[in-house]
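One structure below.
The values are calculated or read from the model by the stated rules, or taken from the named source; none is laboratory data. As the structure is a computational prediction, the values presented were derived from the model and not from experiment. Cβ coordinates were reconstructed from backbone atoms using ideal geometry, including for glycine residues, and neighbour counts include every protein chain displayed. The accessibility values were calculated without ligands, DNA or RNA, using every heavy atom of the protein model including side chains. Shrake-Rupley method; radii C 1.70, N 1.55, O 1.52, S 1.80 Å.
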Amino acid sequence: MNGVIMRWPVPIGTTINAQYYKKVLQDKLRPAIRKKRPGLLESGILFHHDNAPVHTARAVTDVLAGYKWELLEHPRYSSDLAPCDFHLFPKMKEHLRGQRFETEEDIIQATKVAIKNLDKCSYVTAFKDWLQRIEKCANNGGRYVE
């Protein structure tokens, strides 16, 4: 809830498979957590990602199990429960609306600024909304219903 720890633009033409995702977790996310949130790796991580095949592949689940991170289950058929989808991306769209970009680097820089402009209250709201959506989903047989 304290903001973005890491953003990682996937290079154009890159296939996102379990090996790629595992490498990002190991080589990018874990070091970023250690740098931006000292002590968090030792105190315990609650980790959430959706149930895409890349995220549930054995190579990935083995790495996360080795880290002893607590995985928060993502209900089936509920892709709209990721805080990025219902909160972060719409907030970024507000900031980026109407702009034109010449290069991929321009897009990356603009999204960096959009993310930096989000305050802590915005993240707290996103995660509170996420918890409410998870509860609603659990109460509706595993499907999120507005």
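The table that follows gives values for the structure above.
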{"read-out": "In nm, spacing of pseudo-spin labels at Glu102 and Val10 (7 Å Cα→C-beta vector)", "value": "2.8 nm"}
{"read-out": "The chain: calculated mean residue ellipticity at 222 nm from DSSP helix runs of at least 4, using -39500 (n - 2.57)", "value": "-14000 deg cm²/dmol"}
{"read-out": "Kyte-Doolittle mean at least -1.0, axial Cα span of 15 Å or more - DSSP H helices of the chain", "value": "104-116, 120-139"}
{"read-out": "Candidate values (1) 10, 32, 41, 16, 1; (2) 9, 36, 39, 15, 1; (3) 11, 37, 27, 11, 7, 4, 2, 0, label of the one derived for P(r) over Cα pairs in 10 Å bins from 0, in percent", "value": "(1)"}
{"read-out": "Contact order normalised by residue count of the chain, Cα under 8 Å, 6+ apart, percent", "value": "28 percent"}
{"read-out": "Cross-link reach list, lysines versus Lys112, counting only Cα pairs under 27 Å and skipping chain neighbours closer than eight places", "value": "Lys22, Lys23, Lys28, Lys35, Lys36, Lys91, Lys93, Lys120, Lys128"}
{"read-out": "Charge dipole (the chain, unit charges on Cβ, about Cα centre) - positive-most of Trp8, Leu131, Ile45", "value": "Ile45"}
{"read-out": "Amide H contacts under 5 Å for Leu71, placed H, 5+ residues apart", "value": "Phe47"}
{"read-out": "The chain - percent of accessible surface contributed by carbon and sulfur, probe 1.4 Å", "value": "54 percent"}
{"read-out": "Å² per residue, accessible surface of the chain at 1.4 Å", "value": "68 Å²"}
